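The values are calculated or read from the model by the stated rules, or taken from the named source; none is laboratory data. Keep in mind the model is a prediction, meaning the values are calculated, not measured. Cβ: placed from backbone, ideal geometry, glycine included. Neighbour counts: every protein chain shown.
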Amino acid sequence: MSTEDRRKFLKVGTIAAAAGLTGKATAQEGNADLNLPNDPDAPPPVGNAPAETNVPAGSNVQAEIDGFSRFKPTRGNDPESDYYLGKKMPGFRPASAGPAPFEAPDLDKLPWKMVNGAKEFHLVPQAVRREFLPGYFIDVYGYNGSMPGPTIEITQGDRVRIVVTNELPEDTFLHWHGLELPVQYDGSATLTQNPIKPGETMVYEFDVHEDGTFYYHSHVAMQEAFGQVGFFIVHPKKAYDPPVDRDFGLMFQNFHVDPTQTISDSWAMDWNWHTINGRSGPYTTPLVCKHGERVRVRLVNFAPMQHHPIHLHGHTYWETGHEGARTPSSAWIPRNTSLVGVAQATNFEFIANNPGDWIFHCHMVHHMMNHMTRQVGPRIRKGVNVDRYLQNTSTRPAVDFTRNDPGFATPGYPQKMQGMERTMPQMKTLWNRREVKGMRANYMMAVKGLMTVMRVLPDDLYQLVMESDEAVEIGAVFAEIVRRFGDPEAYEAAPKMMGM
Ligand SMILES: [Cu+2]
C-alpha cells in the first residue's frame, strides 16, 4: 500500500471507527512553527520546551552513567555494569527523603491512629457497588465502600491493630497474605479462628517484621471471587537502594457478570469484566511520571482463576522482587512482560527515559476487552470477509466500526452487554480526569479491560497535566511529545470528537 493509501485507509478507518466523532476539524495555522507540517489538524504547541533536557536543579544525580541515559532509550555499555538498562540508576528523590509514597490509582488509603503502641486500622467487610466504567455499577464485595479495599500502608517494624467489623450478610475471615504472624491471626478460616459473624467485630494485632508487597483478603473462596482484597504495603525500614520517585500499585481482577445483571457470578469459570484497581480500561487512571524518574510498579494478580502476562511498552524494566521479598540485585531480571500468577506479586523498577503515553496491559486477549466482542478486524463483519480483505491490500474495504447489523454480531455471544456503549456524559467523565489531559482523541478505543497507560512526561508537560488548571486541547500533549522526541513529519492527528 502506498503511503497515501495508507493515510487514507487509516483516516477513513479511524473516523468511521469512532461513532460520535466528526471527521472535520478546524485546520490549524502555523504548522511550520509546530514542526508538524503534514497534518492540518495538528493541535497547537503546549508547554515550555527547555533548550536541553537535564537533571532538575537541586538534584545531584547524573543524566548518564556507563552509556545509559535517563533521558533517552539506551541500554548502556556493559551488561555487567550496575547501570546497564538503568539497573541501579537512582531517581531524583534523595534517599534521605524516605520511601516515595505508595500510589494505587483509583484507590484510597486506610487511615490509622496510633493507639497503645500500635497503628490502629478499622476495616469493614461489606457489599459495595463499584463503578467499573462510568455509569456501570457492579455489585461486589469489598471493604469500607471500596473494591478493592483501601490500602494499608505501614513501615517494617510497625505493630498493627486491625479492627474488623463484619457488615456482610454472612460469615467472614481476614487473612494477611504473606505476613509471618502468630497463627491465631492468620485468618485462614476455621483452621485458625472462629468466623466473624455478621455484625461482629474481631481484632487482629501483630508485629510486622517483613517489608514488601502484600495484601489482605477474605479467606472464603467465593468472597475472594467477589473482590474481597486490598493492598497491604510495607515500606522497608532501611530504604531500598536506589531510591525511586514513584511507587505505583496495580491490582488485577476478573469478574463474570451475565447480560442484564449487575451481580458478579463468583461460580463462573470464565470472565468477562476485567479490572485494575476496581476499574476497567479506559476508566483506569493512567500512571503519570516525569521524564528521567525512577519508577517502581507493584503488580498483584487477584484474579480468581487466570494469570496475567503484564506488558509495559517503550521501556525495559528490572524485576526487583516478588511476593516473597526483595530479590538480591544480582538476580534482578530485565524484562518488559511479567507473568503474574494468581495470588502472586511482581515488583519492577525502571528509568522513565522514553516520553509518551505507553500502554501497560495484560497480554491475554480475552483480558484486553470486556465481553471479548469489540474487535477491530474483518473476521466479525458481514460482507467484509477475510478472503476479500486479504486479496488485494490496496483495495481492501475500510473497517466500519459503526455497523450495528447482524453481520457485526459475534456468533453465539450476547450482544447487548453492559459497558459496550458509551453516552456523552460517560465520555465526559472519562475525559474530565486530570491524568488524561492532552492524550489522543480515541485513545479510549485502545485501552480496555486490563489495560492502563504509563505516561512519561517532560517536566513542563507534567506540570501542565498534573499541576496546572490550564485547559489543554485533546491530543496536544501527545503531539508535543511527537514534536520533541518523535518523527513530526509522519504525525497524524486523531479525528476530533464531537461535543468534547
Ligand atoms: Cu490477564
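Quick look at the values:
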quantity	calculated
Cross-chain or 6+ apart pairs with Cβ under 7 Å, region 301-324 first and under 14 Å from Asn254 (Cβ atoms), then outside any loop (DSSP other than H, G, I, E, B) and of a type in the set (Asp, Glu)	Pro304/Glu224
The lone exception for Ala303 - which of (1) of a type in the set (Gly, Ala, Ser); (2) away from the ligand (no atom under 12 Å from the Cβ); (3) out of contact with any Asp or Glu (no Cβ under 6 Å at 6 or more places or on another chain) it fails	(2)
Hits in region 254-283 - residues which are within 16 Å of the ligand (Cβ to nearest atom), assigned to a strand (DSSP E or B) and out of contact with any helix residue (DSSP H, G or I) (no Cβ under 9 Å at 6 or more places or on another chain)	Trp273, Thr275, Ile276, Arg279
Residue pairs meeting the criteria (Cβ under 9 Å; at least 6 apart or on separate chains; first in the same structural domain as Pro125 (by the TED database) and on the phi > 0 side of the Ramachandran plot, in region 212-236; second surrounded by 23 or more Cβ atoms within 10 Å (Cβ to Cβ) and outside any strand (DSSP E or B))	Gly227/Met147; Gly227/Pro148; Gly227/Ser264; Gly227/Gly278; Gly227/Phe302
Evaluation of Asp241 against (1) modelled with pLDDT of 95 or more; (2) in a loop (DSSP other than H, G, I, E, B) (one fails), failing number	(1)
Number of positions in region 226-245 that are surrounded by fewer than 22 Cβ atoms within 10 Å (Cβ to Cβ) and of a type outside the set (Gly, Ala, Ser)	9
Those residues of region 162-196 which are closer than 23 Å to Glu323 by Cβ, of a type in the set (A, V, I, L, M) and assigned to a strand (DSSP E or B), in sequence order	Ile162, Val164, Leu174
Some residue of region 346-368 being without any contact (Cβ under 8 Å) to a residue 40 or more places away in the chain and either within 16 Å of the ligand (Cβ to nearest atom) or not assigned by the TED database to the domain that holds Gly449 (or both)	yes
Single residue of Val128, Val46 found to be surrounded by 15 or more Cβ atoms within 10 Å (Cβ to Cβ), outside any loop (DSSP other than H, G, I, E, B) and of a type outside the set (D, E, K, R)	Val128
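Conditions (1) over 17 Å from Asp106 (Cα atoms); (2) over 15 Å from the mean Cα position of the chain (by Cα); (3) touching a residue at least 40 places away in the same chain (Cβ under 8 Å); (4) part of a loop (DSSP other than H, G, I, E, B), marked per residue:
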site: Thr452; (1), (2), (3), (4): no, no, yes, no
site: Arg455; (1), (2), (3), (4): no, no, yes, no
site: Asp460; (1), (2), (3), (4): yes, yes, yes, no
site: Val465; (1), (2), (3), (4): yes, yes, yes, no
site: Glu470; (1), (2), (3), (4): yes, yes, no, yes
site: Glu473; (1), (2), (3), (4): yes, yes, yes, yes
site: Ala479; (1), (2), (3), (4): yes, yes, yes, no
